[in-house]
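In what follows, a structure is listed as structure tokens, so that the remarks can point back to it.
The values are calculated or read from the model by the stated rules, or taken from the named source; none is laboratory data. None of the values given here were measured: they were computed from a predicted structure. Cβ sites come from the backbone with ideal geometry, for glycine too, and all protein chains shown count toward neighbours. The protein model used for the area step is the full one, side chains on, heavy atoms only, and it has no ligands, DNA or RNA in it. Shrake-Rupley method; radii C 1.70, N 1.55, O 1.52, S 1.80 Å.
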Amino acid sequence: MFSVKAKGNKIILMKKILFIVLFTIFAGISNNTKAQLFQGEAFVGLNICQVDGDQMMGFFKKGVHAGVGVITPVFKKNNFSMELSLEVLFNQKGALQGKKYNDGETIIWFGEETKVTGEYNMSLNYGEVPLILYFTDKKFASVGVGASYARLMSIKEYAHGKESPITLYSGEYTRDEFNIIADVKIRIWKRLKLGARYSYSINPIGTRSWPNIEGKILGPFNQHNNLFTFRLTYVFNENLEDLIREEYHYKGDNPRYVEKANEKALRKAQRKEAREERKNRKN
């Protein structure tokens with residue numbers, strides 16, 4: 001009964017997320033018929049992770065963050081805009097701890113005699129779909145909030161120097177994960193942006209018990225993924241014609257920078273005119 005009810009709740013939640021996505025995209029299309037509606041994105045970055053509830057402390061686990069996405073504007077006024085981003089990611093999470101004890105007790109761990117050393121290394125590979133709403137100032141800095149659904153694809157665990165028999169299907173970890181996300185990014189060069197993201201799993205990813213140095217089993221504890229991501233974002237088809245660098249890089253009304261911007265615009269217009277002339281001669 002419980003599993004059927006849980007699955008029903010997940011289906012309802014996914015339907016709500018889909019409704020929000022479709023409604024927001026429709027609103028963006030309705031209010032921005034003259035604007036560029038969709039922009040493609042690619043992401044690559046590094047996760048710095050830990051798992052809360054595993055009795056290991058510190059963000060020592062590193063993981064790969066990579067994927068693609070699409071972003072659409074939903075509101076724009078003067079230099080302020082709001083965009084909705086839908087991503088598809090490969091996300092590596094987990095936990096890592098070096099050897100803590102040299103004189104730990106020997107216990108029966110997964111049916112084998114094991115000396116408690118505190119060594120731990122767990123890798124969790126997810127396919128993840130985040131939905132983020134960004135607030136952007138002057139096309140330079142963005143702050144985003146949102147949520148994601150992740151599906152566990154594989155798991156590998158080493159505890160106290162030995163590989164554990166835990167697998168994707170052994171039941172210790174749930175396949176479905178829901179996360180809250182906070183994100184910031186800044187433009188560093190044309191369509192390239194540098195960002196930092198924080199993510200935390202809302203639902204427990206698993207429930208485990210752990211031995212201490214005396215061999216006493218503590219728990220069970222609910223576990224949650226807890227990670228920071230540092231990543232680069234490239235926007236493929238972003239329109240840069242109305243992006244004036246002086247708006248966000250230079251301060252004040254220095255005439256030298258205005259003159260520099262005008263000269264750059266003139267050279268660009270001359271190159272465009274020359275290309276059109278060559279094209280007309282060929283025709």
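Data for the structure
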| quantity | calculated |
| --- | --- |
| Qualifying residue in the range 80-93 (condition: open to solvent by 20 Å² or more (accessible area, probe 1.4 Å) and under 17 Å from residue 228 (Cα atoms)) | yes |
| Selection count where residues are in contact (Cβ under 8 Å) with a residue 12 or more places away in the chain and not in a strand (DSSP E or B), scope the range 207-234 | 4 |
| Check on residue 154, of a type in the set (Ser, Thr, Tyr) and open to solvent by 10 Å² or more (accessible area, probe 1.4 Å) | yes |
| Residues satisfying the stated conditions in the range 179-188, i.e. open to solvent by less than 30 Å² (accessible area, probe 1.4 Å) and under 12 Å from residue 201 (Cα atoms) | 179, 181 |
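A quick yes/no check of all residues on (1) outside any strand (DSSP E or B); (2) surrounded by 20 or more Cβ atoms within 10 Å (Cβ to Cβ):
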{"residue": "37", "(1), (2)": "yes, no"}
{"residue": "40", "(1), (2)": "no, no"}
{"residue": "45", "(1), (2)": "no, yes"}
{"residue": "50", "(1), (2)": "no, yes"}
{"residue": "62", "(1), (2)": "no, no"}
{"residue": "66", "(1), (2)": "no, no"}
{"residue": "75", "(1), (2)": "no, no"}
